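To start, I am sharing the structure in question, which I have written as C-alpha cells.
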C-alpha cells in the first residue's frame, strides 16, 4: 500500500497512522507497527497530516524528515476558520478541534472522547462552545495509587465496574469507572436541559468501557477524530 493521504496522530500514550479506504473503512497502524510500515522505502504518501498532542519520537522525526513537504504539521491556527468561543483558541487541543470538525455544522452535539483524559465538548451549529477536561479511567486509578500510601496500583482491566464496591479494588473501580460514567452522563443531562435537540458523539479508546446510557441517542464512532483530521487535511491542501 502506498500513496494516498494519511493522518499521523501522536497522542499521549499511543501513536497511530491512518488513512480512509474507498469503502468507508480505515487502514490503521499503531505504535511499532506504524513505524515499521512508514519506514518502508516503497511507501510514498501523497500527504500526511501530523497532529501531535504528545512528543514526537526520534523514529517519527526521521520518517517525517524523509517525507519532507509531504508532511503537514497541524497547529490550532490552521483551524482558525472554525467558529469558537474558547479562549485562548491556541490552547485548544488538536483532537478536540478534529472532533468538532467531524460532527459538522448542523445541530447541537456533545462530543465525548474517552482517552487518556475524558473530554466533553459542546458544538452548537458548528461553533465550538467549550467543554470539560477530566482524568481518564486509567489516570484516575493511577492517581489514587500515587496520591495515597496504601491504595494499590490497579490496572484498568482489573477495575470492577460496579455501583457499590465491597472491597478496596471494587471501591476503586466504582469510583474510577462508575464515577466517570455518572460525571459524563450528568454533564450531558445538564447540556440537554439547555439544548433539547442535543445529540451525543462518543469516541476514544475507553469509550466502550465507559458504557454511557444517557437519555439521548449515542452516535459511537471510534474513528471520529481521524475523520476530523482528514477533513482538516483536505481543507489545508485545497
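The values are calculated or read from the model by the stated rules, or taken from the named source; none is laboratory data. Because the structure is a prediction, the values reported are computed rather than measured. No Cβ is skipped: glycine too gets one built from the backbone with ideal geometry, and neighbour counts run over all protein chains shown.
If I go through the stretch 205-215 residue by residue, how many of them are assigned to a loop (DSSP other than H, G, I, E, B) and modelled with pLDDT under 95?
To start, the set of residues in the stretch 205-215 that are assigned to a loop (DSSP other than H, G, I, E, B) comprises 205-206, 211-215.
So of that shortlist, the ones also modelled with pLDDT under 95 come out as 205, 211-215.
Looking only at that region, the number is 6.
Looking at residue 176, is it at pLDDT below 95 and touching a helix residue (DSSP H, G or I) at 6+ places or on another chain (Cβ under 9 Å)? Steps first, please.
Working: at pLDDT below 95: no; touching a helix residue (DSSP H, G or I) at 6+ places or on another chain (Cβ under 9 Å): yes.
For residue 176, the condition - at pLDDT below 95 and touching a helix residue (DSSP H, G or I) at 6+ places or on another chain (Cβ under 9 Å) - is not met.
What tally of residues in the stretch 148-178 results from selecting those that are in a helix (DSSP H, G or I), surrounded by fewer than 15 Cβ atoms within 10 Å (Cβ to Cβ) and either within 27 Å of the chain's Cα centre (by Cα) or outside the structural domain of residue 208 (by TED's automatic domain parsing) (or both)?
Residues meeting the conditions: 2.
Separate question: Scan 59, 18, 34, 51 and give me the residue that is in contact with a helix residue (DSSP H, G or I) (Cβ under 9 Å, 6 or more places away or on another chain), under 27 Å from residue 209 (Cβ atoms) and part of a helix (DSSP H, G or I). Before you say what the answer is, go through the steps one by one.
Working: 59 fails: under 27 Å from residue 209 (Cβ atoms); 18 fails: part of a helix (DSSP H, G or I); 51 fails: part of a helix (DSSP H, G or I).
Exactly one of 59, 18, 34, 51 is in contact with a helix residue (DSSP H, G or I) (Cβ under 9 Å, 6 or more places away or on another chain), under 27 Å from residue 209 (Cβ atoms) and part of a helix (DSSP H, G or I), namely 34.
Of the residues 42, 53, which is at pLDDT below 90 and within 24 Å of residue 220 (Cβ to Cβ)? Spell out how you get there, then give the answer.
Numbers: 42 fails: within 24 Å of residue 220 (Cβ to Cβ).
None of the others qualify; the one that does is 53.
Another question, then. Regarding the stretch 74-95, can at least one residue be identified that is modelled with pLDDT under 95, over 30 Å from residue 214 (Cα atoms) and in contact with a strand residue (DSSP E or B) (Cβ under 7 Å, 6 or more places away or on another chain)?
Among the residues of the stretch 74-95, at least one is modelled with pLDDT under 95, over 30 Å from residue 214 (Cα atoms) and in contact with a strand residue (DSSP E or B) (Cβ under 7 Å, 6 or more places away or on another chain), which makes the answer yes.
Just checking, which of 100, 143, 105, 134 is under 28 Å from residue 212 (Cβ atoms), assigned to a strand (DSSP E or B) and either at pLDDT below 95 or touching a strand residue (DSSP E or B) at 6+ places or on another chain (Cβ under 9 Å) (or both)?
On the way: 100 fails: assigned to a strand (DSSP E or B); 143 fails: assigned to a strand (DSSP E or B); 105 fails: assigned to a strand (DSSP E or B).
Matching residue, one of 100, 143, 105, 134: 134.
Looking at 29, 43, 81 in this structure, which one is loosely packed, with under 12 Cβ neighbours inside 10 Å and touching a helix residue (DSSP H, G or I) at 6+ places or on another chain (Cβ under 9 Å)? Talk me through it step by step, then tell me what you get.
Details: 29 fails: loosely packed, with under 12 Cβ neighbours inside 10 Å; 43 fails: loosely packed, with under 12 Cβ neighbours inside 10 Å.
Within the list 29, 43, 81, the selection yields 81.
Filtering the stretch 179-194 down to residues that are free of Cβ contacts under 8 Å to residues at least 60 places away in the same chain and within 18 Å of residue 158 (Cβ to Cβ), which residue is surrounded by the most Cβ atoms within 10 Å (Cβ to Cβ)?
So the residue we want is 181.
Check residue 230 against each of (1) touching a strand residue (DSSP E or B) at 6+ places or on another chain (Cβ under 7 Å); (2) surrounded by 17 or more Cβ atoms within 10 Å (Cβ to Cβ); (3) in the same structural domain as residue 134 (by TED's automatic domain parsing) and name the one condition it does not meet.
Failed condition: (3).
Condition first: in a helix (DSSP H, G or I) and more than 18 Å from the chain's Cα centre (by Cα). Now tell me which residues in the stretch 68-88 satisfy that. It would help to see each step written out before you state the result.
Start the filter on the stretch 68-88 by keeping residues that are in a helix (DSSP H, G or I), which leaves 68-70, 76-79.
Answer for the stretch 68-88, where residues must be in a helix (DSSP H, G or I) and more than 18 Å from the chain's Cα centre (by Cα): 68, 69, 70, 77, 78.
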